[in-house]
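Where a number appears in this text, it was derived from the coordinates with a stated rule and is not lab data. Here the structure is a predicted model, which is why all the values come from computation and not from measurement. No Cβ is skipped: glycine too gets one built from the backbone with ideal geometry, and neighbour counts run over all protein chains shown.
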Amino acid sequence: MAHPLMFDESDPLLHRIRDLALDLPGAREKVSHGHPAFFTTKVFAYYGGTIAVDGEHVSHTQSLVIHPDADEARALLQDPRCYRPAYLGPSGWVGLDLDEETNWDEVAELLETSFRETAGRRLIAQLDAR
């Protein structure tokens, strides 16, 4: 059974994330579990996530879910904008809520960090050569 789409294609925040993520070497997009997922051979970011609250899933539809290194994940989780997403959180993924106040330079850095955690050496070399 396919997951229902859990995003709005006209969402301007999704378009900003898409532009940043797809600018990374070899990056592509697919829909995974109802959310846009950005990947090379492995997923490095999702747009949208959920958390479990009292046995129910609460959506964070306008958020970026990334896989930073362990030290950065601990630091990010101290930020009130961040959350540990359901299912992915135990594997080191972190969600960042987005809004009109979002610092897009920070988002670009987080996407790059997550990309570096998942991409192969060839793609990282291409990124470093820019």
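For the chain, what is the charge dipole size about the Cα centre, in debye to the nearest 20, if Lys and Arg each add +1 at the Cβ and Asp and Glu each add -1 at the Cβ?
Using only the charged Cβ atoms, the result is roughly 740 debye.
Taking the stretch 64-128 as the region of interest, what is the percent of Cα-Cα pairs per 10 angstrom bin, listed from the shortest bin to the one with the maximum distance?
Reading upward from the zero bin: 21, 52, 24, 3.
Would you list Glu106, Glu101 from fewest to most Cβ contacts within 10 Å?
Least to most surrounded, the residues fall as Glu101, Glu106.
For a quick check, take a GNM of the chain with Cα springs below 10 Å and name the residue from Leu77, Leu110, Leu98 with the largest mean-square fluctuation.
Result for the chain, Cα springs under 10 Å: Leu77 fluctuates most.
With Cβ to Cβ distances under 10 Å as the rule, what net charge do the other residues near Thr113 carry (K, R +1; D, E -1)?
Every neighbour counted, the sum reads -4.
Taking Cα pairs under 8 Å and at least six residues apart, what relative contact order does the chain come out at, in percent?
Normalised by residue count, the contact order of the chain is 23 percent.
What number comes out for the charge environment of Gln126, summing +1 per Lys or Arg and -1 per Asp or Glu over other residues with Cβ under 13 Å away?
My count for the surroundings of Gln126 gives +1.
I need the shape label for the stretch 12-120. Rule: rounded when a/c is under 1.5, else prolate if a/b > b/c, else oblate, with a, b, c from the alpha carbon gyration tensor.
In terms of gyration-tensor shape, rounded.
Please give the peptides 34-41, 78-85 ranked by average Cβ packing (other Cβ atoms within 10 Å per residue), highest first, as a rough proxy for protection.
Highest mean packing first, the order is 34-41, 78-85.
Mind sorting His33, His60 by how few other Cβ atoms lie within 10 Å of their own Cβ, fewest first?
His33, His60
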